[in-house]
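The values are calculated or read from the model by the stated rules, or taken from the named source; none is laboratory data. All values reported here derive from a predicted model rather than from experimental measurement. As a convention, Cβ positions derive from the backbone with ideal geometry for all residues, glycine included, and neighbour counts pool all protein chains shown.
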């Protein structure tokens, strides 16, 4: 773990629920007088706190230092991802977070199952845990669009990953990329996307949506 997350990190005195941070106080058995680095995932600072008290339900920490230490990707990359099984999305998110994807816009495509609902609180917890492990200093942004039309209205210059003669390469200057669901885009959606830049991957096999997402993000960011 590179740091510990708390939304109020940066305050002079930090009070935390010992049950919520059980991995620190019971598993790692951190004691009074020891120090830990904390982030709020909203600014570039990492804050050093010394534990002053540990009670049954609450611990008190005092800030004794801070330093600006941004851990950011070399490129800003936005991903449009047509919604698939939420369990698969949740398993894939830590990889995208580690790679440095700045924002994910989840889109209900025509071939997305409309009964798939994203648990935004759970997604946030997954991203926080991933950031604590990889060191990322800012939380990934997440949003949801009800249709492809709404997505294109918001991101009119977004490129689209599909079968195409032009292949994605690591030197490609792409800041926004849309990836379809299982089964690809519908005829209606293809008509909507026909004026967008279309790029493909080098491999000739048909990829699952989550495989395509990680492959494209790796090509652009890693």
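Okay, here's what the table says:
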quantity: Options 76, 16: the member that is under 30 Å from residue 157 (Cβ atoms) and in contact (Cβ under 8 Å) with a residue 12 or more places away in the chain; calculated: 76
quantity: Which numbered condition residue 128 fails, given (1) under 19 Å from residue 176 (Cβ atoms); (2) not in a loop (DSSP other than H, G, I, E, B); calculated: (1)
quantity: Given (1) in contact (Cβ under 8 Å) with a residue 24 or more places away in the chain; (2) surrounded by fewer than 21 Cβ atoms within 10 Å (Cβ to Cβ), number of the condition residue 115 does not satisfy; calculated: (1)
quantity: Listing of strands (runs of 3 or more DSSP E) fully contained in the stretch 1-93 that carry 1 or more residues being in contact with a helix residue (DSSP H, G or I) (Cβ under 8 Å, 6 or more places away or on another chain); calculated: 35-39, 45-54, 58-68, 78-82
quantity: Selection count where residues are part of a helix (DSSP H, G or I) and in contact with a helix residue (DSSP H, G or I) (Cβ under 9 Å, 6 or more places away or on another chain), scope the stretch 137-190; calculated: 5
quantity: Test result for residue 128, at pLDDT 95 or above and more than 20 Å from residue 192 (Cβ to Cβ); calculated: yes
quantity: Among residues of the stretch 55-80, those that are surrounded by fewer than 11 Cβ atoms within 10 Å (Cβ to Cβ) and within 24 Å of residue 217 (Cβ to Cβ), counted; calculated: 1
quantity: Residue 101 being more than 24 Å from residue 21 (Cα to Cα), assigned to a strand (DSSP E or B), at pLDDT 95 or above and assigned by TED's automatic domain parsing to the domain that holds residue 173; calculated: no
quantity: All positions within the stretch 196-207 that are closer than 23 Å to residue 98 by Cα and either crowded, with 18+ Cβ neighbours inside 10 Å or at pLDDT 95 or above (or both); calculated: 201
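Listed here are the residues, each with its yes/no results for (1) in the same structural domain as residue 104 (by TED's automatic domain parsing); (2) at pLDDT below 95; (3) under 30 Å from residue 21 (Cβ atoms).
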residue	(1), (2), (3)
134	yes, no, yes
152	yes, no, no
160	yes, no, no
163	yes, yes, no
171	yes, yes, no
174	yes, yes, no
